[in-house]
1. Would you pick out the residues in the range 279-294 that are touching a residue at least 24 places away in the same chain (Cβ under 8 Å) and open to solvent by 10 Å² or more (accessible area, probe 1.4 Å)?
2. Filter the range 135-159 down to residues that are polar (S, T, N, Q) and at pLDDT 85 or above and give me whichever is farthest from Leu185 (Cα to Cα).
3. Could you give me the residue pairs with C-beta distances under 7 Å whose first residue belongs to the range 35-49 and is within 12 Å of Val320 (Cα to Cα) and touching a residue at least 24 places away in the same chain (Cβ under 8 Å), whose second residue is open to solvent by less than 70 Å² (accessible area, probe 1.4 Å) and among the polar types (S, T, N, Q) wherever it lies, and which are 6+ apart or on separate chains?
4. Of all residues in the range 185-201 being in contact with a helix residue (DSSP H, G or I) (Cβ under 8 Å, 6 or more places away or on another chain), at pLDDT below 85 and open to solvent by 30 Å² or more (accessible area, probe 1.4 Å), which is farthest from Gly230 (Cα to Cα)?
5. Mind telling me which of the residues Ser44, Ser22 ends up being at pLDDT below 90 and assigned to a helix (DSSP H, G or I)?
6. Filter the range 202-214 down to the residues that are open to solvent by 70 Å² or more (accessible area, probe 1.4 Å) and assigned to a helix (DSSP H, G or I), then identify the one that is nearest to Tyr235 (Cα to Cα).
7. Got at least one residue in the range 316-332 being modelled with pLDDT under 90, surrounded by fewer than 18 Cβ atoms within 10 Å (Cβ to Cβ) and of a type outside the set (Gly, Ala, Ser)?
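The values are calculated or read from the model by the stated rules, or taken from the named source; none is laboratory data. What you are looking at is a predicted structure, and each value in this text was computed from that prediction instead of being measured. Quick reminder, even Gly has a Cβ in these numbers, built from the backbone with ideal geometry, and neighbours come from all protein chains shown. For the accessible areas, the whole protein counts, side chains as well, though only heavy atoms, and no ligand, DNA or RNA atoms are used. Shrake-Rupley method; radii C 1.70, N 1.55, O 1.52, S 1.80 Å.
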Amino acid sequence: MTDHTDTNYQQRTSARRLILFSLLFLLLTAAGLYAVYDRFAGRSISFDARLLAPDTLAAIAGLLLVYFSADGLRLHFTLRALGHRLSFARLFRLVFINLFFSNVTPMATGGGFAQIWFLHRHGVPVGTATAATTIRTVLAVLFIFTLTPVFLLTLDAFDGKTITGDLGFLLAIFIVLYLIFFIILLFRTRWLLGPLSALLSTLNRWHLISNERHKRWHFRMLREMLHFSGSFRDYLQGNPVFVALSVVFTAVFLLSLFSFPALLIHSLGYDVDYLVSVGLLVVTTFIMYFSPTPGASGISEGVFGSFFSGILSGNHLILVIVSWRLVTIYLGMIIGLIVLQRELFKKRRIPG
């Protein structure tokens with residue numbers, strides 16, 4: 001009886017947190033849109049029926065099909081490289097569950113846990129599920145973090161932007177150091193163990209962390225770093241075809257994601273430079289990775305508005321932002337919420 005009561009309490013607590021984060025997502029999104037409306041759109045907004053033209057809707061639907069399919073296939077081939085597989089029906093349910101959770105939890109933390117829960121529920125060992133979801137994320141991060149300094153330092157569209165002055169140069173250096181850290185973590189993990197252990201020992205010696213916390217953090221650091229590097233080696237030693245396809249579909253997924261603004265802007269009659277539009281969204285996405293808000297809500301709208309205000313007129317800026325978030329985030333979140341409810345309903349029906 002106690003275990004059942006505890007489980008019900010945990011479920012109610014999780015539901016409350018989910019509702020709270022969802023409300024926070026909506027409030028921050030509204031705040032971000034108002035900031036763009038007030039600062040970059042000249043307090044102007046109007047609907048343009050060209051976004052609902054049949055050829056525009058067909059192009060958006062086609063790009064959405066590529067976007068969602070590539071998202072599922074990049075995880076599929078990562079799992080196959082690790083020696084496991086999941087049916088496509090379950091795989092694509094996971095795509096939408098991840099979209100929902102990653103956008104209603106701060107720093108996208110819930111997305112990873114939700115994916116691991118779902119994969120384990122359908123027969124994938126926890127270790128493999130953790131490795132697959134982490135590697136899938138790392139592949140996307142490596143693409144984005146590699147391209148961001150290139151666009152920051154080469155695109156004329158960033159001339160005059162605050163981010164491209166001294167801050168942009170420092171940001172490029174930070175990205176390069178971040179990538180070097182990742183490469184060492186993946187291929188020369190033990191090089192990092194000594195310096196990080198020394199850092200924790202120094203914090204303990206300066207009484208910034210207790211002895212107990214020092215031991216616990218040191219153990220977790222060693223375990224997670226070795227486990228992650230080991231999982232990545234297993235991935236690289238998997239079937240080369242599956243490894244290559246996981247990289248290819250990661251690239252296709254990101255390219256389709258970055259293509260939506262150009263499609264929307266072009267449908268409104270603007271002569272948009274596709275490379276400039278992609279570059280602006282790559283940097284926007286990079287900034288979103290460091291957002292502490294659920295799904296980068298508020299921040300994504302503000303950054304997008306700042307970057308694209310030089311391309312779009314004020315009355316179209318809010319319209320494109322809402323349309324961009326609708327097709328890439330909101331639609332997937334709604335489908336994910338429905339799929340999640342069905343999964344939880346099926347779980348409750350399973351006798352146990």
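1. Hits for the range 279-294 are Thr285, Tyr289, Pro292, Thr293.
2. We begin by selecting, within the range 135-159, every residue polar (S, T, N, Q); these are 137, 146, 148, 154.
Next cut, at pLDDT 85 or above only: 137, 146, 148.
Working: Thr137: 15, Thr146: 17, Thr148: 21 Å.
By that ranking, first place goes to Thr148.
3. Short answer, once both residue conditions are applied: Ile45/Asn315; Ser46/Asn315.
4. Among them, the one singled out is Leu196.
5. Ser22
6. First pass over the range 202-214, keeping only residues open to solvent by 70 Å² or more (accessible area, probe 1.4 Å): 205-208, 211-213.
Cutting the leftovers down to assigned to a helix (DSSP H, G or I) gives us 205, 211-213.
Details: Arg205: 38, Asn211: 36, Glu212: 34, Arg213: 32 Å.
Top of the filtered list is Arg213.
7. At the first step, the residues of the range 316-332 found to be modelled with pLDDT under 90 are none.
No; the residues of the range 316-332 include none that is modelled with pLDDT under 90, surrounded by fewer than 18 Cβ atoms within 10 Å (Cβ to Cβ) and of a type outside the set (Gly, Ala, Ser).
Results for (1) crowded, with 16+ Cβ neighbours inside 10 Å; (2) over 27 Å from Ser297 (Cβ atoms); (3) not small (Gly, Ala, Ser), shown as yes or no for each residue.
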| position | (1), (2), (3) |
| --- | --- |
| Leu82 | yes, yes, yes |
| Ala89 | no, yes, no |
| Ile116 | yes, no, yes |
| Leu119 | yes, no, yes |
| His122 | no, yes, yes |
| Thr128 | yes, yes, yes |
| Thr137 | yes, no, yes |
| Phe143 | yes, no, yes |
| Thr146 | no, no, yes |
